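K.L.:
Got a structure for you, written out below as structure tokens; questions coming shortly.
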Amino acid sequence: MATVELRFSALPEHVRTARLVAAAVARRAGVDEAVLDEVRLAVGEACTRAVGLHQSNGISAPVRVMLTEEEKQFSIEVGDEAPHTPTGEAPGTPGAADPDAETEEDEMGLAVISGLVDDVEVSAGEDGGLIRMSWPTTPPATLPA
């Protein structure tokens, strides 16, 4: 299992780099060429969301991206360190996140990711959030001896 870890300052200009790295690693891992645009777009949405959450919560920690090549699958995890308010928790509750941190734009980004990726998991808590996406891979064609 090969893993590439990318950490970048929570600045919008670094999202493009994350997209390019994700597409290159996905190609090398054996993700179908026709799906690479979806990988690029999904990573861009996830990273943009993480950058926005870091900026709106005043978090200086970097955004984390893990790209993992497994036997028959390629997965990407995008993590943020922004505290997420549990559903139904009143704003202003001790330990609650900034009520404006989860905006309609964030929800739209998650909807776009769900439309692009068949296998996606989103988790969030007081210590941050994680979006895990995966795609099937095909082994490289072997040349006859």
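None of the figures in this text is laboratory data; all of them are computed from the coordinates on show. This structure is a prediction, so every number in the text was calculated from the model and none was measured. Because the Cβ atoms are built from the backbone with ideal geometry, glycine has one as well, and the counts that use them run over all protein chains shown.
K.L.:
Roughly how far apart, in whole Å, are the Cα centres of the range 104-133 and the range 51-73?
P.N.:
Going from one Cα centre to the other spans 12 Å.
K.L.:
Would you work out which of V122, A82, V39 lies farthest towards the positive end of the dipole of the range 2-136? Charges go on Cβ: Lys and Arg +1, Asp and Glu -1.
P.N.:
In the range 2-136, that residue is V39.
K.L.:
Placing +1 at every Lys and Arg Cβ and -1 at every Asp and Glu Cβ, with all other atoms neutral, what dipole size does the range 2-136 have around its Cα centre, in debye to the nearest 20?
P.N.:
For the range 2-136, the charge dipole is close to 580 debye.
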